[in-house]
Amino acid sequence: MNFDKYNEVINGEITYKKIASDLLKLFSVGIGWTDENGTHLDIIFKLGIDTKYGDFQRGIRKNYLFVSIIDHTSYAFISNTIKDVGYIQEKLRMNNICGKKVAELINGIIQELNKNRY
């Protein structure tokens, strides 16, 4: 993982690769993350869920990339292509600079998932 001087996870190639690698092993991943601008978020990632009953709203399927920001929001993204930053910000209700950095994190992970998946 990439860390700042306070031992918080930050965006970077090593972070994206490590999270993607763990997700492909079917691990859940939790990180204490910062946007390097004073915001700290506790984020949990899970690639797919083991069991799903009933239909989820918004067409979410069990094989999506689930992103949960503790005490804030969560959403599940199709992990086959990079997403528009505005789309991620809208779904996570984070239309600010921090939301842009979260979108960079998610897209970095998606990019690594697709490099290593096929």
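Odds and ends about this structure:
- Residue check: I60 meets all listed conditions (1) over 19 Å from T15 (Cα atoms); (2) open to solvent by less than 30 Å² (accessible area, probe 1.4 Å); (3) touching a Ser or Thr at 6+ places or on another chain (Cβ under 7 Å) but one, namely (3).
- Qualifying residue in segment 58-80 (condition: outside any strand (DSSP E or B), under 14 Å from L105 (Cα atoms) and either touching a strand residue (DSSP E or B) at 6+ places or on another chain (Cβ under 7 Å) or among the aliphatic types (A, V, I, L, M) (or both)): yes
Listed here are the residues, each with its yes/no results for (1) under 18 Å from Y75 (Cβ atoms); (2) among the polar types (S, T, N, Q); (3) assigned to a strand (DSSP E or B); (4) modelled with pLDDT under 95.
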residue	(1), (2), (3), (4)
Y6	no, no, no, no
I14	no, no, no, no
S21	no, yes, no, no
F27	no, no, no, no
L41	yes, no, yes, no
F45	yes, no, yes, no
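- All positions within segment 92-109 that are open to solvent by less than 50 Å² (accessible area, probe 1.4 Å), free of Cβ contacts under 8 Å to residues at least 60 places away in the same chain and outside any loop (DSSP other than H, G, I, E, B): L92, G99, A103, I106, N107
The values are calculated or read from the model by the stated rules, or taken from the named source; none is laboratory data. Values in this document were obtained by computation on a predicted structure and should not be read as measured data. Neighbour counts run over all protein chains shown; Cβ positions are idealised from the backbone, glycine included. Please note that ligands, DNA and RNA were not included when accessible areas were found on the heavy atoms of the full protein model with its side chains. Shrake-Rupley method; radii C 1.70, N 1.55, O 1.52, S 1.80 Å.
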